[in-house]
1. Restricted to the range 57-89, and to residues that are under 16 Å from the mean Cα position of the chain (by Cα) and more than 20 Å from Thr227 (Cβ to Cβ), which residue is farthest from the ligand (Cβ to nearest atom)?
2. For the range 178-222, what are the residues that are out of contact with any strand residue (DSSP E or B) (no Cβ under 8 Å at 6 or more places or on another chain), within 13 Å of the ligand (Cβ to nearest atom) and not in a loop (DSSP other than H, G, I, E, B)?
3. Looking at (1) within 17 Å of the chain's Cα centre (by Cα); (2) within 30 Å of Pro230 (Cα to Cα), which is the one condition that is false for Glu172?
4. Quick check on my filter: what residues within the range 192-215 are crowded, with 17+ Cβ neighbours inside 10 Å and within 19 Å of the chain's Cα centre (by Cα)?
5. Just the residues that are away from the ligand (no atom under 11 Å from the Cβ) and either in contact with a helix residue (DSSP H, G or I) (Cβ under 8 Å, 6 or more places away or on another chain) or of a type outside the set (Phe, Trp, Tyr) (or both), please, taken from the range 20-40.
6. Quick one: Lys152 ticks every box in (1) surrounded by 14 or more Cβ atoms within 10 Å (Cβ to Cβ); (2) more than 12 Å from the ligand (Cβ to nearest atom); (3) at pLDDT 95 or above except a single one, so which number is it?
7. Taking the range 5-19, which residues are over 15 Å from Val182 (Cα atoms), touching a residue at least 60 places away in the same chain (Cβ under 8 Å) and more than 6 Å from the ligand (Cβ to nearest atom)?
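The values are calculated or read from the model by the stated rules, or taken from the named source; none is laboratory data. Predicted model, so just to flag it, every value in this text is computed and none were measured. Please note: Cβ atoms are built from the backbone with ideal geometry, for glycine as well, and neighbour counts cover all protein chains shown.
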Amino acid sequence: MSGTAIITGGAQGIGGATALRLARRGWHLLLVDLDETALAGQASACAEAGGSAETLVADVRDLSAAHDASERLIEVRGGIDALVNAAGISMPKTILEITEEEWDRVMDINLKGVFTWCKAVAAHMAKGPSKRIINISSVNAHTGGSPTAVSKFAYAASKSGVLGLTRGLAQELGPGCAVNCVCPGLIETRLTRELIGRVRSQMEEATPLRRVGKPDDIAVVIEFLATVEPNYMTGEIIDIDGGRWVN
Ligand code: NAD
């Protein structure tokens, strides 16, 4: 069954891999991102994969852009079936290093950016039937961040907020819409490439499945959450980390 989805951060990485998976099922996608060049390449890849994609160069913090784009998509396509909130940034600074502006920025993009797009589609999604919202948090929401350079406490705090937002919206938007969340471990994308170059063998050794994750390892689960029928799952937080933080 094909549908229509919005994917923030859809230009590359985990959002991009998710776009390709849904495109292969014939879905129409609105890819939202700041990276115009990567967006154009991803839209072409989606068309080649058998779907269709339009792009929106916008900051996920912009609520009016989210409202306008969602309304237009509902009008033109007749509805939105899924929203995937994949846009995010890292924040490698410690409490002693971080500025107030940097704290605000990571909270604004990683947490408010999820609120923004959920808010824009909420009324439509609540009407159902069988709509889906999938948020991307991180295993760092459980661990508080890692000693590596990619994420420390502020990133972990923003991603912990996404867990609460997911659980709360699952209650508010049912029965029309299921809201679930995935928590990736270390996945090789633009965000982490430099770090992985330094710690790959150490990470592989510490991970039961003995490899660093790829965007498609996360996209396959998001695809499942977006398409599984019947669906009786909402408010769930799913860790996908090769067993690295198994407990
Ligand atoms: P990525 O950098 O490849 O993709 C993120 C995308 O978000 C980029 O295309 C970027 O341009 C876009 N983006 C950033 N800020 C934006 C903004 N303000 N408005 C619109 N678009 C914006 O990174 P990724 O690894 O694919 O990350 C995707 C999500 O997964 C993020 O939320 C990230 O925190 C999360 N995550 C990643 C990892 C990992 O190891 N890569 C682990 C856990 C969670």
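1. Step one: of the range 57-89, the residues under 16 Å from the mean Cα position of the chain (by Cα) are 58-61, 66, 81-89.
Next cut, more than 20 Å from Thr227 (Cβ to Cβ) only: 58-61, 66, 87-89.
Details: Ala58: 6, Asp59: 4, Val60: 4, Arg61: 6, Ala66: 10, Ala87: 4, Gly88: 2, Ile89: 5 Å.
Going through the qualifying residues, I end up with Ala66.
2. Arg193, Glu194, Leu195, Ile196, Val199, Arg200, Met203, Asp216, Ala219
3. (1)
4. Thr192, Val212, Gly213, Pro215
5. So in the range 20-40, the residues away from the ligand (no atom under 11 Å from the Cβ) come out as 20-30, 40.
Of everything in the range 20-40, those that are away from the ligand (no atom under 11 Å from the Cβ) and either in contact with a helix residue (DSSP H, G or I) (Cβ under 8 Å, 6 or more places away or on another chain) or of a type outside the set (Phe, Trp, Tyr) (or both) turn out to be Leu20, Arg21, Leu22, Ala23, Arg24, Arg25, Gly26, His28, Leu29, Leu30, Ala40.
6. (3)
7. Passing the criteria: Ala5, Ile6, Gly10, Gly16.
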